[in-house]
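The values are calculated or read from the model by the stated rules, or taken from the named source; none is laboratory data. Model, not experiment: these values are computed from the prediction. Here the Cβ is made from the backbone with ideal geometry for all residues, glycine too, and neighbour counts use every protein chain on show.
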4 protein chains.
Amino acid sequence: MSLKEGDFVLLQSSDGKNYLLEIKSQPFHTHKDSIFLGDLVGKNYGDLIWGKRGERFYLLRPSLFDFLMKVERATQIIYPKDIGYILLKLGVGPGKIVLECGCGSGALTLAMAYMVGKEGKVISYEKELKFLEIAKKNLQKVGLLERVIFKNREVRESFDEREVEAVFLDLKEPWILIKAGWEALKPGAPLGIIVPTTNQVSHCLNTLEDYPFVDIEVVELLLRKYKTNPERVRPEDRMIAHTGFLIFAKKVNEK
Amino acid sequence: MSLKEGDFVLLQSSDGKNYLLEIKSQPFHTHKDSIFLGDLVGKNYGDLIWGKRGERFYLLRPSLFDFLMKVERATQIIYPKDIGYILLKLGVGPGKIVLECGCGSGALTLAMAYMVGKEGKVISYEKELKFLEIAKKNLQKVGLLERVIFKNREVRESFDEREVEAVFLDLKEPWILIKAGWEALKPGAPLGIIVPTTNQVSHCLNTLEDYPFVDIEVVELLLRKYKTNPERVRPEDRMIAHTGFLIFAKKVNEK
Amino acid sequence: MSLKEGDFVLLQSSDGKNYLLEIKSQPFHTHKDSIFLGDLVGKNYGDLIWGKRGERFYLLRPSLFDFLMKVERATQIIYPKDIGYILLKLGVGPGKIVLECGCGSGALTLAMAYMVGKEGKVISYEKELKFLEIAKKNLQKVGLLERVIFKNREVRESFDEREVEAVFLDLKEPWILIKAGWEALKPGAPLGIIVPTTNQVSHCLNTLEDYPFVDIEVVELLLRKYKTNPERVRPEDRMIAHTGFLIFAKKVNEK
Amino acid sequence: MSLKEGDFVLLQSSDGKNYLLEIKSQPFHTHKDSIFLGDLVGKNYGDLIWGKRGERFYLLRPSLFDFLMKVERATQIIYPKDIGYILLKLGVGPGKIVLECGCGSGALTLAMAYMVGKEGKVISYEKELKFLEIAKKNLQKVGLLERVIFKNREVRESFDEREVEAVFLDLKEPWILIKAGWEALKPGAPLGIIVPTTNQVSHCLNTLEDYPFVDIEVVELLLRKYKTNPERVRPEDRMIAHTGFLIFAKKVNEK
């Protein structure tokens, strides 16, 4: 069970910084110290190792969270606080067939691919080839690429799929695809949307009223981190105050 | 694909209230109207049906979120906003073996059982038989009971398991089991804890310092709902301001 | 310095409920007990007294906060969390002449009247006579009525005043009066607006762009209460999630 | 009414940055441009002026808020969101005599001095001479120094004053002075405390239980700023997540 070439480790330095690394025959440098990644072969997760200049490093097992936070980014990613909630609202789990439009850097794509398992499938539309390539790379890296069908296309009218178990829209004008989302969904199944502005929320809500959708929910999630000194428990000074508004609705057959 | 006896529907009434129901030969009453559940056989998800007194109802497909919100409750449940984040931090997905202590009403248990799939397993310790029975019932209802190994026991020293991929503690004095959690975990794997008070956060952080854990994070998640009138987009007047603080850490082999 | 007829006391019962009362010859009943208010003459602030059925009550000195929370309400009031910030942004203090349009129940009016002192003045426009009467009553009660000039009129074009030191708008379509606000203000002085919806925020921002205003700020304030048990410090379960968005800007002479 | 030497202006540059400046015969430089402050004599608040290199600047009238945000800082200051609420809870207004211990850089001191007017008084204890000097300078600058009695002393047992209308504590171990605060206050009058950590909140609550205080409240205030583009209304990406917890209580004569 010891580490081998190609394994991923989350390297944590003594100042609490994390680096997601693949083990291969090359060096890795932090601002303080360096290690040779090839030397990690034969080590174990959880081990303490020492840098060339005496810095302490831990070899942690990357969790889904770590993979999400460390995807290569070409766009603003959807954050774990939002992804976790989206997965539950959309019921993304083993064996599900789900569709997203606008994969961006692929953080949500990755989380969905992880959760649908080998029997499930994620269909991911993205009009920008450069984003799609980065998303593919991020999925490839964690071995989940085969669970995703990427389609490099701008959808205006309709998705190819029918009877999918969930649809998620992450694009500038998601209202344009609310009808397409309705057509692709199984009856009674959930649609999800993320948008950064309240003007877009308003526009989406307006369009949702025009189609057979019910059970509409608009939420935002705030994540507040705390300092970890047991004698001085308090929130951190600053936080990310906004990522996006999440909109959910369920398809019905008529209205 | 039409509905049959034993299927679950999320019945939504015209005032937006949701009811999670199993289709069987019996009536169901809201404060306004009633339907005979047996009549739903042959209907489809997404259908609009009419109550005996003319009320409109939609037959929605319950998502994981709906099952979580509608578990039978004997205790305060862990909310979806927290569950989603916990699943990502603990990497709970298809094929994983995870352990929790303190299942309460089983909301998190259910979410974990859903995500680990057929190849995964959830081990769940609970000292109170009555909670364990309710959790079992909640799992049974959604057909996920076989993915969970329930243990009705108060753990003081040690869990039976070793090399599990994640441990979650939801009990009054979780610090008592931090050592047991460390022993049960795979090296480099994550531990999660939920506690309602800052005094408990402080106590947990203190104990975590005594064992080989790193990458410690304390967070809280706030879910803010918005009204869905497109002409009057605004947060709802009131919100749940607090459920619990989440603490995460990763096991290392030495400190 | 002992209490006399006409004084106000904040009566606190043992369950933490507060009642703002004027001392006069009449009884007062809570759901648990009763006292005769006339008996408070000769008592002192801070005293513990006993109800007829043995309930403990404290005689507290009402602060501005208490007067604000206990105004008679005909409308949604502006809350102290917002009022405090508004006073600072508008610089409402001793000797200032400030104008508001839409006094509602008069909570902000009261706070402004309190702060401007004997030398200052609050001009308050309100089109609804019934609200104006309630606001007057609330101001009268605390002896601050003479600091306010109430005007029962719907303003469409222009305020009567010029060179006021701050203007605050609390009405459904505040954008209609942004021009009138500009005309009434001293150069460089602040305008404040409160609105509940983001659509209104958007509308106000649009109109502010059309007039010589700069230093525009849009904020919301969230007040989170904590339980007061020292062994179990934690936020309360529920909170008021939304009262309104506050918009501020400063008048300039040209743009 | 035109500007003269010694007046304060809030200079706003075209990128929205604000500078609080006193008019005197000297130059002022931003990173983009410069103006000669002496040239502002004879201008008016609200005027648009041009820098030497063609940059646009507005001459705004500084409000209390601006003076607070621009105090010279030697310590973490108390923020306006907290100050506004503190003033209301403590009833700080014209004619009041209030006491604070720990003036820091004097932001709250300044706000209190502004609000108590010419008839009121602020007594301010500060053990660190360097902080007291900075606070004095900040008060001097806005012409409010004469309303404050500064005392450069570490209080351990007792304040000199009795029958003050409010007491505010801003120091590391405020519990040490809860008894002193009780002695200094008028019966029924409010005590306020600010502390950054929950451990300190717990300690304060514990001590408050030992003295005759009731009506205890612990709160925190969160200020969320929004972007001001009317087509894209949304919270700013980041916010200050924590400044301090505010604790309030009222003195009673016995418990």
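Specify which of the listed residues (D:Ile194, D:Ile178, D:Ile247) is without any contact (Cβ under 8 Å) to a residue 40 or more places away in the chain and in the same structural domain as D:Ile83 (by TED's automatic domain parsing). Can you show your working first?
Numbers: D:Ile194 fails: without any contact (Cβ under 8 Å) to a residue 40 or more places away in the chain; D:Ile247 fails: without any contact (Cβ under 8 Å) to a residue 40 or more places away in the chain.
Result of the check over D:Ile194, D:Ile178, D:Ile247: D:Ile178.
Does B:Ile240 satisfy being closer than 29 Å to C:Asp237 by Cα and surrounded by fewer than 19 Cβ atoms within 10 Å (Cβ to Cβ)?
Spelling it out, B:Ile240 is indeed closer than 29 Å to C:Asp237 by Cα and surrounded by fewer than 19 Cβ atoms within 10 Å (Cβ to Cβ).
In region B:159-186, what count of residues is obtained for those that are over 20 Å from B:Lys127 (Cβ atoms) and in contact with a strand residue (DSSP E or B) (Cβ under 6 Å, 6 or more places away or on another chain)? Outline the logic, then answer.
Of region B:159-186, the ones over 20 Å from B:Lys127 (Cβ atoms) are B:162-163, B:165-166, B:182, B:185-186.
If we keep only those that are in contact with a strand residue (DSSP E or B) (Cβ under 6 Å, 6 or more places away or on another chain) too, we end up with B:165-166, B:182, B:185.
The total comes to 4.
Filter region C:32-53 down to the residues that are surrounded by 14 or more Cβ atoms within 10 Å (Cβ to Cβ), within 18 Å of D:Lys186 (Cα to Cα) and small (Gly, Ala, Ser) and list them by number.
Residue satisfying the conditions is C:Gly46 alone.
Quick one: C:Val98 ticks every box in (1) away from every other protein chain (no Cβ under 11 Å); (2) assigned to a loop (DSSP other than H, G, I, E, B) except a single one, so which number is it?
(2)
Take the conditions without any contact (Cβ under 8 Å) to a residue 40 or more places away in the chain, facing another protein chain (nearest Cβ under 10 Å), surrounded by fewer than 23 Cβ atoms within 10 Å (Cβ to Cβ) and polar (S, T, N, Q) and apply them to D:Asn206. Does it pass? Don't jump to the end; show me each part of the working.
Values: without any contact (Cβ under 8 Å) to a residue 40 or more places away in the chain: yes; facing another protein chain (nearest Cβ under 10 Å): yes; surrounded by fewer than 23 Cβ atoms within 10 Å (Cβ to Cβ): yes; polar (S, T, N, Q): yes.
Considered against the rule, which asks whether it is without any contact (Cβ under 8 Å) to a residue 40 or more places away in the chain, facing another protein chain (nearest Cβ under 10 Å), surrounded by fewer than 23 Cβ atoms within 10 Å (Cβ to Cβ) and polar (S, T, N, Q), D:Asn206 comes out as yes.
Which one of these is within 12 Å of chain A (Cβ to nearest Cβ) and either of a type outside the set (Phe, Trp, Tyr) or in contact (Cβ under 8 Å) with a residue 24 or more places away in the chain (or both): B:Glu161, B:Glu165, B:Glu154?
Numbers: B:Glu161 fails: within 12 Å of chain A (Cβ to nearest Cβ); B:Glu154 fails: within 12 Å of chain A (Cβ to nearest Cβ).
Matching residue, one of B:Glu161, B:Glu165, B:Glu154: B:Glu165.
Confirm whether A:Gly84 is away from chain B (no Cβ under 11 Å), crowded, with 24+ Cβ neighbours inside 10 Å and of a type outside the set (Val, Ile, Thr). Steps first, answer last, please.
On the way: away from chain B (no Cβ under 11 Å): no; crowded, with 24+ Cβ neighbours inside 10 Å: yes; of a type outside the set (Val, Ile, Thr): yes.
Judged against the criteria, A:Gly84 is not a match.
Residue check: is C:Leu110 more than 14 Å from chain D (Cβ to nearest Cβ), closer than 18 Å to C:Ile78 by Cα and modelled with pLDDT of 95 or more? I'd like the intermediate steps shown before the answer.
Values: more than 14 Å from chain D (Cβ to nearest Cβ): no; closer than 18 Å to C:Ile78 by Cα: yes; modelled with pLDDT of 95 or more: yes.
Considered against the rule, which asks whether it is more than 14 Å from chain D (Cβ to nearest Cβ), closer than 18 Å to C:Ile78 by Cα and modelled with pLDDT of 95 or more, C:Leu110 comes out as no.
Please count how many residues of region B:211-239 are among the acidic types (Asp, Glu), free of Cβ contacts under 8 Å to residues at least 12 places away in the same chain and either within 18 Å of C:Gln76 (Cβ to Cβ) or more than 7 Å from every other protein chain (Cβ to nearest Cβ) (or both). Break it down into steps so the answer makes sense when it comes.
Our first condition is that a residue be among the acidic types (Asp, Glu); within region B:211-239, this holds for B:215, B:217, B:220, B:231, B:236-237.
Those still in the list that are free of Cβ contacts under 8 Å to residues at least 12 places away in the same chain too: B:231, B:237.
Cutting the leftovers down to either within 18 Å of C:Gln76 (Cβ to Cβ) or more than 7 Å from every other protein chain (Cβ to nearest Cβ) (or both) gives us B:237.
Number of matching residues: 1.
Out of A:Lys136, A:Lys89, A:Lys130, which single residue is in a helix (DSSP H, G or I), away from chain B (no Cβ under 13 Å), of a type in the set (D, E, K, R) and in contact with a strand residue (DSSP E or B) (Cβ under 9 Å, 6 or more places away or on another chain)? Give the steps one after another, and end with the answer.
Numbers: A:Lys89 fails: away from chain B (no Cβ under 13 Å); A:Lys130 fails: in contact with a strand residue (DSSP E or B) (Cβ under 9 Å, 6 or more places away or on another chain).
Step by step, each of A:Lys136, A:Lys89, A:Lys130 is checked, and only A:Lys136 is in a helix (DSSP H, G or I), away from chain B (no Cβ under 13 Å), of a type in the set (D, E, K, R) and in contact with a strand residue (DSSP E or B) (Cβ under 9 Å, 6 or more places away or on another chain).
Within 23 Å of the chain's Cα centre (by Cα) and more than 14 Å from chain C (Cβ to nearest Cβ): which single residue out of D:Lys172, D:Lys179 fits that description?
Numbers: D:Lys179 fails: within 23 Å of the chain's Cα centre (by Cα).
Checking each option against the conditions leaves just D:Lys172.
Quick check, is D:Ala184 under 24 Å from C:Leu10 (Cα atoms), within 7 Å of another protein chain (Cβ to nearest Cβ) and touching a residue at least 40 places away in the same chain (Cβ under 8 Å)?
No.
Taking C:Lys81 as meeting all but one of (1) outside the structural domain of C:Val142 (by TED's automatic domain parsing); (2) not in a strand (DSSP E or B), write down the number of the exception.
With (1) outside the structural domain of C:Val142 (by TED's automatic domain parsing); (2) not in a strand (DSSP E or B) applied to C:Lys81, the lone miss is (1).
How about region B:171-188: which of its residues are crowded, with 24+ Cβ neighbours inside 10 Å and in a loop (DSSP other than H, G, I, E, B)?
If the condition is that a residue be crowded, with 24+ Cβ neighbours inside 10 Å and in a loop (DSSP other than H, G, I, E, B), then B:Gly188 is the only one that fits.
So, A:Ala135, is that one touching a Cys at 6+ places or on another chain (Cβ under 8 Å), crowded, with 20+ Cβ neighbours inside 10 Å and under 23 Å from A:Lys70 (Cα atoms) or not?
It is true that A:Ala135 is touching a Cys at 6+ places or on another chain (Cβ under 8 Å), crowded, with 20+ Cβ neighbours inside 10 Å and under 23 Å from A:Lys70 (Cα atoms).
Hey, among B:Gly192, B:Gly143, which residue is under 23 Å from the mean Cα position of the chain (by Cα) and at pLDDT below 95? Show your work before the answer.
Values: B:Gly192 fails: at pLDDT below 95.
Being under 23 Å from the mean Cα position of the chain (by Cα) and at pLDDT below 95 holds for just one of B:Gly192, B:Gly143, which is B:Gly143.
Taking B:Lys118, is it basic (Lys, Arg), touching a residue at least 24 places away in the same chain (Cβ under 8 Å), closer than 26 Å to B:Phe159 by Cα and facing another protein chain (nearest Cβ under 10 Å)?
Working: basic (Lys, Arg): yes; touching a residue at least 24 places away in the same chain (Cβ under 8 Å): yes; closer than 26 Å to B:Phe159 by Cα: yes; facing another protein chain (nearest Cβ under 10 Å): yes.
Yes; evaluated as a whole, the condition is true for this residue.
In the set D:Phe67, D:Phe8, which member is out of contact with any Leu (no Cβ under 6 Å at 6 or more places or on another chain) and facing chain C (nearest Cβ under 10 Å)? Walk me through it before giving the result.
Values: D:Phe8 fails: facing chain C (nearest Cβ under 10 Å).
The conditions single out D:Phe67.
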